[in-house]
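I have placed the structure first, in the form of structure tokens, so that the comments after it can refer back to it.
Nothing in this text is a laboratory measurement; each read-out follows from the coordinates by a stated rule. The model shown is predicted, which means the values in this text are computed figures rather than measured ones. No Cβ is skipped: glycine too gets one built from the backbone with ideal geometry, and neighbour counts run over all protein chains shown.
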Amino acid sequence: MSLFELEQVTHFYGRLCALNDVSLRVDPGAVGLVGQNGAGKSTMLKILLGLMRPTAGRGQVLGHDIRKSGVQLRARVGYMPEVEMLVPGLRGVEFVALAGELSGMPRRHALRRAHEVLTYLGLEEARYRHHEEYSVGMKQRLKLAAALVHDPDLLLLDEPTAGLDPEGREAMLELLNTLAVRHGKSLILSTHLLGDIDRVCESVIIVHRGTVVTVGRIEDLRAQYRGRFRLQWQGQALEFLQDLRSEGVQVVVDGRPDEAIAIVPEGWSTRTFFALADNRNMVLCGLQPEMEELEHVYHRLVAAQSPDGARPVIASADGGAPDEFAARRLDGD
Amino acid sequence: MTMEKMSVMNPNLLGTQSSQAPAEPSATTVPLADHAPLVIFQEVSKWYGPVIGVNEVSIELRPGITGLLGANGAGKTTLIKLLAGQLRPSLGDVLVCGVRAWSAAAKSHVGFCPDVDVFYEEMSGRAFVQTMARLHGFDRRAASERTEEVLAEVGMSDRADRRLRGYSKGMRQRIKLAQALVHDPDIIVVDEPLNGIDPVGRRELMDLFQSLGRRGKTLLVSSHILDEMDTLAERVLFMGRGRILAAGTLKEIRDMLDNHPLQLRISADRSRELASRLVHWELVRGIELRGRDDLWVQVHRPSEFFPRFADLVLNEGFEIGRLQTTDVTAGAIFDYVMKEAAHF
Amino acid sequence: MAIELLGYRSWRGKLRAHGWACWPIVRTGLWIVLRRKIFWVLLALGLINFLLNFAGIYIISFLTTQNPNIKKMIGGFLEELLITSGKSEEYLDFMFRQGTVTMLLLAFAGSQLIGGDYQQGGLAFYLSRRIDRRHYVIGKLLTIVSLVLLITTLPALALFFEYGLLSDSLDYLRDNMRILVGIVSYGLIMGVGLSLLLAAIAAWVPRAVPLVMTWACVFILLPVVGENLRHIHGNRMWRLLSFWRDLRLLGKWCLDALVLERDEDRLAYWAAWIVPAICTLCLIAFIRRVRAVEVVR
């Protein structure tokens, strides 16, 4: 069974088009969702949560129809929003237990499970404190706990590492990785940080101006650079680089000091790098096969979409929230 | 030499030409680094009631980009606010271009882009930036010219007429940056500038920062996204518990962490045989086999290791697929510094 | 068996029916209001009123057994304050006073209870669970209704039964079923009216101070305006501007305590149209505010 499918989904806020004829089929696993603000990401998330019926089109998430079965859908989906979720006066464990109860769990089960999930996420000591007192990192984990309490099959995460310091970010990504790999949860990770997606997700969906530009495995999207290496050295390199060129290697200097990219012909042995360096009394301290950075993938695929100079007819680039008035005219659900 | 001692003994390490750095003059020697420091913190401490924010910090900032890294609660925001003149130090002095940061005169030298935003939601972005320009003392014509220039720099020229209420997070960030730049300050302080900005925008704004650095501005950028700090910041400041733990370029700081041998990732056609050769070397502290062909090797004295390694490769005919230093990144160094700082 | 330690475990239990979700919302809502010590002051006022009445009824019935003429000796002023003779007007007054306390309480509680959901992301929390918009709406409204009932109706019922049980015979209870029904009806009318009004106002004006000001406009400004217009035009109908008064009129009708000399039956007739109309508008306004846009920005 696929994770979710969307068929020709289109959504308008008043006259503003947020999604334009999107058709997708995604298999279970960890998926990244990238795009500019206003490109349709949040609209897609709302539709996937069954909170909003698209103006046109059909779809299903985990087998539940997005138009008709929104409520049942949310029993199997956990959502971790970017915004703060606060219900005043509750302690951490009470908050998560409330989340469980609202997902249909009987009260005692919800409470027991809340304790368990909070312990798993490292909030064991803080769970009896009022959650208004939590630090940023703790609040993020609390949101994740509320999303996990009813053991969903799919987690929708909106900027899960926002506001976290490097240690916290690393911990959160590690946690998400474990959930995805070891416990078989599917994730949809919506974020601007491509580093996060690289770390956690196997596939990625790129949305731009209301259309899905790309969906696919990250590995497959990365351009296969055969015979392309990044070299780093210590010492003077000019003659070394000239030697390389004379051997038929294309050398590209990209501005970083003591570094260059070498594009080698067929049948090249990396030993030759060392030999040539040795000839010139130079020491190589780095040799890596070049792989396309996810960032470059994104640029490449997105830049192909926007024709120069053309003003977008549909949603404005990085268009911000749709007009308040327009948003109110078409409520979902 | 521990981190702590380093920071007390060498407050001027930032921006000092690499007299103490290993013998590799950088291709991009920055002459700007010879300028007198524009920002000086002289043993500055600040506390709020009983809570201490910053504890005897002495640093100097010179033109170029300096990254400010640290855990949440380490005192970064306090440091930034002291620099921007929003807080007065409880002890010590903060000098900006020779005047106290707290004074009104200093404000014209500093552009501040905070991480929170509080705007007049009813204004348009353009009007907001223009108002900020007027508040800095520009007359109406100069203000609107500067506004247009700065909006073009941050990429908001065509979108700045809508009311701020309807802006996405990324657009708000750009307007914040615009108002920090509008009076062309020499010192620009940004706290989490790329929050909420999509990947393309991040690249654009990072390029903007780099061009500002090249133009001779002094930038202090505080961010948690360490891989971006890698490319962006020439020098970094690590903060923890209100103190400066380390200051310098990433390479310099890495070199100082001699408790942590350099971590290399090597892959070769005959990895295990290579491992068996390397394990005999004194320079090699540890070898770990991961995956099929990956060796993770910890070495002392890298400047001796690499030539020996090259000789080994040539003599024994290994086909090396990868030779990579994995821990001169801001991320790895951050971990090491935090660990080091915990020892006393 | 794999070693589990403190790892993640899955949960596949049976879920309850959807409707049950309203109860946690109500329970949480009541907790949000009742946990704040400031509200205890207002609750204390209501409690004092109740206890005075409770004690008063008991004492009077006790003294009456000693001296049957005691009731005549009780000064007129006590009749204003307490329930002395079990007439429906007295219950009306009691509930009206309790209602005023509740109305004050809701003014301040509104921003915590409903406004907070818009400002602090509570709405995102509720709507992203396995519930529909209607569960949220019903849950919140029920919270306020229960609060109102708790403060006005339950004490009134307690006093009613106390009076009946302590009176000479149980005939009082049988003869005055009308009052029982009236108490419950008035309670419900007040509950529904106040809850819809608060929900609509708090959803659109979530912050505490503007909310209190708006509430004050509805409950203080409009009645004053109405009263002045009545003076100017001499037309009693202007009094209907006051929502609170309209509710009271409907209560009077329920409890059969309309004062016909003051034209109150005609006013009550109009009130019976105005109150539902306002309630419907409030309901629509509230529902409009509960939308998916709040959940994912």
Item to complete: Within 10 Å of each Cβ in peptide C:10-19, how many partner chain Cβ atoms are there on average? Round it to a whole number, please.
Response: 5
Practice prompt. State, as an integer percentage, the relative contact order of the range C:26-165 based on alpha-carbon contacts under 8 Å between residues 6 or more apart.
Written response: 39
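Report D for the range B:211-281 in µm² per second (integer): Stokes-Einstein, Kirkwood Rh on Cα pairs, 20 °C, 1.002 mPa s.
Details: Rh = 15.6 Å.
Approximately 137 µm²/s, per Stokes-Einstein.
Set the Förster radius R0 to 30 Å, insert the Cβ-Cβ distance between residue A:239 and residue B:324 as r into 1/(1 + (r/R0)^6), and round the FRET efficiency to 0.05. Show your work: numbers first, answer last.
On the way: r = 24 Å, r/R0 = 0.82.
Step by step, r from the Cβ atoms, then E = 0.75.
Using per-residue counts of other Cβ atoms within 10 Å, averaged over each peptide, order A:145-152, A:271-278 from highest down. Spell out each step's value before the answer.
On the way: A:145-152: 25.6, A:271-278: 19.4.
Output ranking for A:145-152, A:271-278: A:145-152, A:271-278.
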Worksheet entry | Karplus (6.51, -1.76, 1.60) ³J(HN,Hα), θ = phi - 60°, over the range A:90-107, in Hz, Gly and Pro reported as x | 9, 7, x, 5, 5, 4, 5, 5, 4, 4, x, 4, 5, 8, x, 7, x, 4
Practice prompt. Can you bin the range B:262-326 into rounded, prolate or oblate? Criterion: square roots of the alpha carbon gyration tensor eigenvalues sorted a ≥ b ≥ c, rounded for a/c under 1.5, prolate for a/b above b/c, oblate for the rest.
Written response: rounded
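Averaging sequence separations of C-alpha pairs under 8 Å and six or more residues apart, then dividing by the length of the range A:1-149, give the relative contact order as a whole percent.
Numbers: 229 pairs, mean separation 29.1, N = 149.
The normalised contact order for the range A:1-149 reaches 20 percent.
So, by mean Cβ neighbours within 10 angstrom, what's the order for A:44-53, A:214-223 with the highest one leading?
A:44-53, A:214-223
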Worksheet item: Between residue A:55 and residue C:119, what is the spin-label point distance in nm, taking each point 7 Å from the Cα along the Cα→C-beta axis?
Response: 3.5
Worksheet item: Which of C:61, C:146, C:111 moves most in a GNM of chain C, Cα contacts under 10 Å?
Response: C:61
Fill in: Cα gyration tensor shape for the range B:26-138, rounded if a/c is under 1.5, else prolate or oblate
oblate
Worksheet item: How far apart, in nm, are the 7 Å Cα→Cβ label points at residue B:51 and residue B:298?
Response: 3.7
Practice prompt. Obtain the nm distance between the two label points defined at residue A:181 and residue C:259 by a simple spin-label model: each point lies 7 Å from its Cα along the Cα-to-C-beta direction.
Written response: 8.0
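Fewest first, what order do A:68, A:139 take by the number of other Cβ atoms within 10 Å?
A:68, A:139
What length, rounded to one decimal in nm, is gained on full extension from residue C:277 through to residue C:87, with 0.36 nm per residue of separation minus their alpha-carbon distance? Provide the component values of the computation, followed by the final result.
Numbers: separation 190, 0.36 × 190 = 68.40 nm, distance 3.08 nm.
Stretched fully, the residue C:277-residue C:87 segment lengthens by 65.3 nm.
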Item to complete: For the protein assembly as shown, just list the percent of Cα-Cα distances falling in each 10 Å bin from zero outward, please.
Response: 2, 9, 16, 19, 18, 14, 9, 5, 4, 2, 1, 0, 0
Discussion item. For the range B:3-255, what does the relative contact order come out to in percent, with C-alpha contacts under 8 Å and a separation of six or more?
Written reply: 27
Worksheet entry | residue B:186-residue B:157 FRET efficiency (beta carbon distance; Förster radius 35 Å; 0.05 resolution) | 0.90
Worksheet item: Working from the pairwise distances between different alpha carbons, so that the mean of 1/r is found and then inverted, what is chain B's Kirkwood radius in Å?
Response: 22.1
Worksheet item: Roughly what angle does helix B:330-342 make with the longest principal axis of chain B, taking Cα atoms, 0 to 90 degrees, to the nearest 10?
Response: 90
Response to the item:
Zone reached by a paramagnetic label modelled 7 Å from residue B:276 Cα along Cα→Cβ, restricted to the range B:294-309 with backbone N below 18 Å, covers B:294-296
Fill in: Sequence of C:108, B:41 once ranked by neighbouring C-beta atoms within 10 Å, starting from the fewest
C:108, B:41
Fill in: Spatially near lysine pairs across the range B:3-255, Cα under 25 Å, sequence gap of 8 or more or different chains
19
Practice prompt. Take peptide A:255-263, look around each residue's Cβ out to 10 angstrom, count Cβ atoms belonging to other protein chains, and average those counts.
Written response: 2
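Would you list A:246, A:103 from fewest to most Cβ contacts within 10 Å?
On the way: A:246 9, A:103 26.
With the fewest neighbours first, A:246, A:103 line up as A:246, A:103.
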Worksheet item: If you line up the long axis of helix C:154-166 against the longest principal axis of chain C, both from Cα atoms, how many degrees apart are they, to the nearest 10?
Response: 40
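Hey, what does the equivalent ellipsoid look like for the range A:1-147, semi-axes from the Cα gyration tensor as sqrt of 5 times each eigenvalue, largest first, whole Å?
On the way: eigenvalues 206, 58, 36 Å².
Semi-axis lengths for the range A:1-147 are 32, 17, 13 Å.
For residue A:91 and residue C:231, FRET efficiency with R0 = 45 Å and r from the beta-carbon atoms, rounded to 0.05? Before the final figure, lay out each step's value.
Numbers: r = 54 Å, r/R0 = 1.21.
My answer for the efficiency is 0.25.
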Item to complete: Determine the shape class of chain C: with a ≥ b ≥ c the square roots of the Cα gyration tensor eigenvalues, call it rounded for a/c under 1.5, and otherwise prolate if a/b is greater than b/c, oblate otherwise.
Response: oblate
Fill in: Between helix B:199-214 and chain B: long-axis angle, C-alpha atoms, 0 to 90°, nearest 10
80
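How much length is gained if the chain between residue C:178 and residue C:40 is pulled fully straight, taking 0.36 nm per residue apart and subtracting their Cα-Cα distance, in nm to one decimal? Kindly include the intermediate steps, with their values, before the conclusion.
On the way: separation 138, 0.36 × 138 = 49.68 nm, distance 3.28 nm.
So the extension gain works out to 46.4 nm.
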